[in-house]
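*Asks:* The structure is given below, and queries will be raised subsequently.
Taken together, the values in this text are just the output of simple stated rules run on the coordinates, not laboratory data. Keep in mind the model is a prediction, meaning the values are calculated, not measured. A quick note on method: Cβ atoms are made from the backbone with ideal geometry, for glycine too, and the neighbour counts reach across all protein chains shown.
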Amino acid sequence: MLPRITDQHVVPEKISKMKVKCATQIFSQRVSSTMMFLSSKNLIDPSANDTAKICLFFDKLFDSLNGSFDGVIDGKIYRTSIKKNSPHHALWAERLQVLSTMKFVNKNGKTCVVPTIENWMKTIRGFQKLFKTLYNYGIRSLLPRHVNQDSVECFFGAARSVSSSDPSCHAFASAYKTLLLNNLMSFNSPGSNCEDIVEASLTSYRNLIIKDPNDMNVVQNNCNITVDLPVTIFNVPMGINILRENVHTYIAGYILKKTKQKLI
């Protein structure tokens with residue numbers, strides 16, 4: 001019935017805290033429907049019906065904040081773009097009322113403070129304000145799936161992997177060039193709390209190579225290029241001194257890092 005549900009979803013010791021999908025796949029319509037069916041047949045505790053309702057509650061809320069299509073697919077009316085008369089607005093108003101009454105209770109029966117509910121409410125209000133602002137500027141449709149930091153997080157993670165955990169502006173620029181020119185930049189950051197990104201990478205070759213054709217000579221290159229490069233490539237003048245300076249910076253940083261490790 002639930003082929004996607006594994007021990008990593010329900011066994012506390014095996015749950016990966018950095019995987020959002022472990023939560024979204026539990027709080028889903030399929031899990032809710034299965035629990036309601038089994039509960040109605042007395043195959044599980046009838047009180048599971050309440051758990052099924054809360055799963056469906058968050059499933060619709062997840063969908064309303066992760067819509068990536070303009071039309072309805074697989075009957076998911078909330079996993080669509082936000083428009084003036086879309087059902088998102090009524091759902092959010094209802095969810096805010098319910099979330100404001102929710103509390104976490106520990107195993108001792110005492111109420112504990114958990115930021116999850118408050119953060120949910122902030123996210124909903126943020127989308128409400130964002131859509132209202134965009135609508136005033138003439139934008140009539142918003143895909144909430146695109147309003148996330150996964151792309152930026154993956155990019156920063158890759159930059160830190162070839163630089164340091166706290167790079168300076170110069171080090172960050174050098175890391176960007178290293179990732180770009182050595183073709184080490186991937187769309188996704190392994191082990192991060194991100195979904196797989198299918199859109200174009202932030203480190204597009206196009207942004208580095210294309211310049212104003214009025215400022216430099218154009219060189220036509222009709223060969224097939226496998227990366228996301230334009231057919232017309234422009235010569236970008238780069239002095240040897242800049243490259244030599246970056247090499248010196250990289251080598252000096254490596255030596256200092258090794259020296260610091262030995263001293264510690």
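*Asks:* Using the Karplus curve 6.51 cos²θ - 1.76 cosθ + 1.60 with θ = phi - 60°, what ³J(HN,Hα) values do you get for each residue of region 59-73, in whole Hz, with x for Gly and Pro?
*Replies:* For region 59-73, the Karplus-derived couplings read 4, 5, 5, 4, 4, 5, 9, 9, x, 10, 10, 7, x, 7, 10 Hz, x marking Gly and Pro.
*Asks:* Using alpha-carbon pairs under 8 Å, 6+ residues apart, how would you state the relative contact order of region 45-156 in percent? Mind showing how you got there, number by number?
*Replies:* Numbers: 90 pairs, mean separation 32.9, N = 112.
Here the relative contact order equals 29 percent.
*Asks:* Going by the alpha-carbon gyration tensor, a ≥ b ≥ c the square roots of its eigenvalues, is region 95-169 rounded (a/c under 1.5) or, if a/c is not under 1.5, prolate (a/b greater than b/c) versus oblate? All intermediate terms of the calculation are to be shown ahead of the outcome.
*Replies:* On the way: a/c = 3.60, a/b = 1.20, b/c = 3.00.
Taking the square roots of the gyration eigenvalues as a ≥ b ≥ c, region 95-169 is oblate.
*Asks:* Hey, another quick one. Show me the chymotrypsin sites (Phe, Trp or Tyr not before Pro) within region 54-154 that DSSP assigns to loop and that have at most 16 other Cβ atoms within 10 Å of their Cβ.
*Replies:* Values: sites: F57, F58, F62, F69, Y78, W92, F104, W120, F127, F131, Y135, Y137; in loops: Y78, Y137.
Those that pass, being in a loop and sparsely packed, are Y137.
*Asks:* From the backbone phi of region 167-174, what are the Karplus-calculated ³J(HN,Hα) couplings (6.51 cos²θ - 1.76 cosθ + 1.60, θ = phi - 60°) in whole Hz, Gly and Pro given as x?
*Replies:* Residue by residue, region 167-174 yields x, 7, 4, 5, 5, 5, 5, 5 Hz.
*Asks:* If you don't mind, there's one more thing I want to ask. Mind checking the full-extension length gain between R145 and S161? Use 0.36 nm per residue of separation minus the Cα-Cα distance, one decimal, nm.
*Replies:* Numbers: separation 16, 0.36 × 16 = 5.76 nm, distance 2.65 nm.
Contour length minus the Cα-Cα distance gives 3.1 nm.
*Asks:* Something else: Given a cut-off of 22 Å, name the pairs among K14/K60; K21/K76; K60/K110; K17/K107 whose C-alpha atoms lie farther apart than that in the structure shown. Don't jump to the answer; show the numbers that get you there.
*Replies:* Working: K14/K60 26 Å; K21/K76 18 Å; K60/K110 29 Å; K17/K107 20 Å.
Flagged as over cut-off: K14/K60; K60/K110.
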